[in-house]
Structure formats: C-alpha cells, structure tokens
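As structure tokens, the structure follows; a few thoughts come after it.
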Amino acid sequence: MDLLGCVLVHDSPQGTASGTIVETEAYLCMDDPACHAYKGKTMRNRTIFEGPGLAYVYLIYGRYPLINANCEEEGKGSAVLIRALAPLDGSDLMKERRGRPDLCTGPGKLTQALGIDMSHDAHDLTRPPLTIRRGDPPDGEIVATTRIGISRGAELPYRYLVLGDPNVSVRPKIITSRGLARTG
C-alpha cells in the first residue's frame, strides 16, 4: 500500500518512461500460498529472498515480465507486485512499445510500456536506470481488496489500489477495507 503514489521510472537508451503506481498486490513470505517464496528458494525465485529494495522480475506464461519490489529483510522472501501505473513521462515511447492505447493498465502492460525485462531482475530500485521514487499520496481513496489472477490465496485482502483511477487493471468486486493511508 505504501507504494501507491510513488513513481516507477525507467531511464533507457530510448528515453525515459515513468508512471505513478496506482495498484499493487502483496505476496508475503512462506505463509502465503500464492507467494513465489512459499515452497522455498529455487533458481527461479532466488531474487525474492535477496532483501528489500530489489526488483524481483519474473516471466508469467513464460513470456511476459512482471516487476515486484522486494519488501522484507534478506532471507524472508516477500515482494509487492506493481499491477498498474498512471503514465507520466514518455507516453509517446510507451505507446510505441505497446502499440496500443492502454499503456499501463496491468502488470504485463506496464513492463512492456516501460521497457522492463528480465535483465532488471535483482536491480537495486534506488539506483538508475530503474527506480521507484517517492511521490505524493494519491488523490483518490486507497482501498484493499482480494487479489486477482491467481488460484491460491486469492481470498487474501492484499491488493491495494486507488479507487476510481482509470488505470487500475480490474475494478474491485469486493472491497475489504476503505480509507487507507500510506504509512511512510
């Protein structure tokens, strides 16, 4: 939830592309059956165990990279999936990369729009070329809802979004908490 309103920026050789984070989903350690850390460390998921502030990038369906921000101390294996962005800088570049008008309304779309790929796995998100920068708290209401697109742990209220933002990937069917605020 604390990432909502922060800005994901990628300074690539083609130019800068960025967006305000408007939707996230948390995956919490080995107690969460949907978390990649649930069954322990493997070659595929080793980055999620490497400590806070790193990008954990993996392929979904063997094709689309998704970006997460590690959020726990080394060895814990927790991350927050960045699900949607409100585009800021570089919208022409994002349109060129996407070839479609819906730029960042889903986790695979935003990585394509920003040019994020597997080479960014384990990148320190406090250092260029790929950074998460502090942003203002979102203007809209922050809500918690159940996660989507997974089969295990979907009932957990770990999806956070800015209610009514047009860039959110899927409108929530169930709102579990309303009026939330960032802590930091």
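The values are calculated or read from the model by the stated rules, or taken from the named source; none is laboratory data. These figures come from a predicted structure and were not determined experimentally. Cβ placement follows ideal geometry from the backbone for every residue including glycine, while neighbour counts extend to all protein chains displayed.
What to note about this one:
- Options LEU59, LEU85: the member that is of a type outside the set (Ser, Thr, Tyr), in a strand (DSSP E or B) and surrounded by fewer than 20 Cβ atoms within 10 Å (Cβ to Cβ): LEU59
- Against the test of being at pLDDT below 95 and under 15 Å from the mean Cα position of the chain (by Cα), the options ARG147, ARG63, ARG134, ARG83 yield a single qualifying residue, ARG147.
- Scanning segment 115-148 for residues that are part of a loop (DSSP other than H, G, I, E, B), within 26 Å of LEU59 (Cβ to Cβ) and of a type outside the set (Asp, Glu) returns GLY115, ILE116, ALA122, HIS123, LEU125, THR126, ARG127, PRO128, PRO129, THR146, ARG147, ILE148.
- Scanning segment 152-178 for residues that are touching a residue at least 40 places away in the same chain (Cβ under 8 Å), small (Gly, Ala, Ser) and surrounded by fewer than 19 Cβ atoms within 10 Å (Cβ to Cβ) gives GLY153, ALA154.
- Applying the set (1) under 11 Å from the mean Cα position of the chain (by Cα); (2) surrounded by fewer than 18 Cβ atoms within 10 Å (Cβ to Cβ) to LEU8 leaves exactly one unmet item: (2).
- Residue list for segment 128-147, restricted to those being touching a residue at least 60 places away in the same chain (Cβ under 8 Å) and of a type in the set (A, V, I, L, M, F, W, C): LEU130, ILE132, ILE142, ALA144
- Members of segment 34-56 found to be in contact (Cβ under 8 Å) with a residue 60 or more places away in the chain and assigned to a loop (DSSP other than H, G, I, E, B), listed by number: ALA34, CYS35, GLU50, GLY53
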